[in-house]
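The values are calculated or read from the model by the stated rules, or taken from the named source; none is laboratory data. Because the structure is predicted, anything quoted here is derived from the model rather than measured. Cβ atoms come from the backbone with ideal geometry, glycine included; neighbour counts cover every protein chain shown. We work out accessible area using only protein heavy atoms, side chains counted, and drop any ligands, DNA or RNA first. Shrake-Rupley method; radii C 1.70, N 1.55, O 1.52, S 1.80 Å.
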Amino acid sequence: MLNKSRALHDDRYPLVFQFIHRRRKKLIYTPYKLFEEEFDDSLSVVRSVPSGSCSRREAKEINAALKEKRREIAELLERMEATCPGFTADDFMQNYRCLQDGNYLFTYAGRQIAALEQGGRHGTAAAYRSTVRSLGEFTDGADLRFGEIDGQFVRSYQQFLYTRGVSANTVCFYLRNFRSLYNRAAADGVDVGHSNPFRAVPIRIGKTVKRALSRDNLRRIARLDLSDSPDLALARDIFLFSYYTRGMSFVDIAHLRKRNITDGVIAYYRSKTKQYLQVTVTEPLRELIGRYAGEGEYIFPLLAAAEGEQGESYGHYRSALGFINRRLKKIVQMLRITIPLTTYVARHSWATAAKELGTPVSVISEGLGHTTEKTTRIYLKSFDHSVIDRVNEEVSRL
């Protein structure tokens, strides 16, 4: 419910759980503050409204978090009713506060996720959130102290994932996030109790089938007449822009501004690694950029509406990514190309084309902005920018 007795200065209200036991009322505060029209009292759910403070995606995420919290409270009540039926409202609140102790996995994870969201690291927050959801399914929603996590627990969780048909790489994804949370907690001084429960559990990414377009198919995409379909043309141009910029990721393309281009060079920090990269503007790039040389600060009209909070910007970025990938799917259907097309395929296609030209793997790695691939970076020195430019010039000739 909304605690309407505690109106904030901007007319929002704190969102709370109300607990009444033996005529004693207690409130459990959540991190959320909402306008009155953003909360459906009859259904007890958050909703997105045009004049509200949260998007449809954010409302969905809040409702999922509230559902999880409601289940946590219900389980605590069930345990207390079974073990101490004469408990009071104060007893309940004391037990609830214990559950919020940072020594508990889900409680700690929740705080980390909130901090990541506040710091604008929405991708990592989403990865942690999905991992916590998976762990919650394994533990039937019960939180557990870090001290309870041992090698047997990690192995059992891994086996649980495999028996549910989860792919090897997704298992690796969950285990790596789980390990990251565990290591963060240990570094923060949480009593983890055991020495590295992940040591005896192999966490390796399996080999996946890499998909790269042939140069013939790249030419077909580049020459496709999409003058009657601006949406498809934009998706195609974003894909080609990624290819021509040595596989620039969609998040970097979406946030690329006109000020990033100086003296014929695109300079930016890669979002994933914060590495500083430069790409010389080739003729194909100059043509693409010219098509969208209208008003506004962005190179491409993908985030024009996302000038607000970081969370709002992230929501617009995710929406734009889905928009582009859906239209890329239509393009390959039109051309009867069998390889599924996404923005990431452009990155792999550039690397493959460069390799086919005899480019050393180390140069390709430098061009892609890799920083952690040991097999290509151990003996690497920073290559002259012109070396990569020459490779890109050749690869861009479709």
Please enumerate the residues belonging to segment 324-371 that are surrounded by fewer than 20 Cβ atoms within 10 Å (Cβ to Cβ) and aromatic (F, W, Y).
-> Y344
Can you spot a residue in segment 67-78 that is at pLDDT below 80 and exposed (fewer than 12 other Cβ atoms within 10 Å of the Cβ)?
-> no
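Sort out which residues of segment 51-65 are touching a helix residue (DSSP H, G or I) at 6+ places or on another chain (Cβ under 9 Å) and not charged (D, E, K, R), and write them in order of number.
Result: S51, G52, S53, C54, S55, A59, A64, A65.
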Looking at segment 339-369, which of its residues are among the aliphatic types (A, V, I, L, M) and on the phi > 0 side of the Ramachandran plot?
-> none
Among the candidates S48, S55, residue that is out of contact with any Leu (no Cβ under 8 Å at 6 or more places or on another chain), without any contact (Cβ under 8 Å) to a residue 12 or more places away in the chain and surrounded by 12 or more Cβ atoms within 10 Å (Cβ to Cβ) | S48
Have a look at E148, E68 and point out the one that is in contact (Cβ under 8 Å) with a residue 60 or more places away in the chain, farther than 30 Å from T273 by Cβ and touching a helix residue (DSSP H, G or I) at 6+ places or on another chain (Cβ under 9 Å).
-> E68
Where a residue in segment 320-337 is under 10 Å from R220 (Cβ atoms) and touching a residue at least 12 places away in the same chain (Cβ under 8 Å) and its partner, wherever it lies, is in a helix (DSSP H, G or I) and of a type outside the set (A, V, I, L, M), with Cβ under 7 Å and at least six apart = I331/R236; L335/R220; I337/N217
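Hey, can you tell me all the residues within segment 7-35 that are of a type outside the set (F, W, Y) and surrounded by 13 or more Cβ atoms within 10 Å (Cβ to Cβ)?
A7, R12, P14, L15, V16, H21, K26, L27, I28, T30, K33, L34
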Looking only at helices (runs of 4 or more DSSP H) that fall completely inside segment 93-197, which ones have 2 or more residues that are among the aliphatic types (A, V, I, L, M) and in contact with a Leu (Cβ under 6 Å, 6 or more places away or on another chain)?
-> 105-118
Any residue in segment 212-231 that's more than 22 Å from R291 (Cα to Cα): show its pairings with residues that are assigned to a helix (DSSP H, G or I) and not polar (S, T, N, Q) at Cβ separation under 6 Å, as long as the two are six or more apart or on different chains.
-> A212/H348
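Listed here are the residues, each with its yes/no results for (1) of a type outside the set (A, V, I, L, M, F, W, C); (2) out of contact with any strand residue (DSSP E or B) (no Cβ under 7 Å at 6 or more places or on another chain); (3) open to solvent by less than 50 Å² (accessible area, probe 1.4 Å).
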| site | (1), (2), (3) |
| --- | --- |
| E81 | yes, yes, no |
| Y96 | yes, no, yes |
| Q118 | yes, yes, no |
| A127 | no, yes, yes |
| T131 | yes, yes, yes |
| S134 | yes, yes, yes |
| D143 | yes, no, yes |
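Let's see how each residue does on (1) open to solvent by less than 70 Å² (accessible area, probe 1.4 Å); (2) on the phi < 0 side of the Ramachandran plot; (3) among the aromatic types (F, W, Y):
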| position | (1), (2), (3) |
| --- | --- |
| Y157 | yes, yes, yes |
| V166 | yes, yes, no |
| F173 | no, yes, yes |
| S180 | yes, yes, no |
| A187 | no, yes, no |
| S195 | no, yes, no |
Cβ-Cβ under 6 Å pairs, at least 6 apart or on other chains, segment 283-303 side of a type in the set (D, E), far side assigned to a strand (DSSP E or B) | E297/R257
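Considering only segment 267-276, how many residues are within 21 Å of I324 (Cβ to Cβ) and either surrounded by fewer than 18 Cβ atoms within 10 Å (Cβ to Cβ) or out of contact with any helix residue (DSSP H, G or I) (no Cβ under 6 Å at 6 or more places or on another chain) (or both)? It would help to see each step written out before you state the result.
Restricting attention to segment 267-276, the residues satisfying the condition of being within 21 Å of I324 (Cβ to Cβ) are 268, 270-272.
Narrowing further to those that are either surrounded by fewer than 18 Cβ atoms within 10 Å (Cβ to Cβ) or out of contact with any helix residue (DSSP H, G or I) (no Cβ under 6 Å at 6 or more places or on another chain) (or both): 270-272.
Count: 3.
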Evaluate the following for R204: is it charged (D, E, K, R) and either touching a residue at least 40 places away in the same chain (Cβ under 8 Å) or part of a helix (DSSP H, G or I) (or both)?
-> no
Within segment 95-129, considering residues that are polar (S, T, N, Q) and over 24 Å from G193 (Cα atoms), the one modelled with the lowest pLDDT | Q118
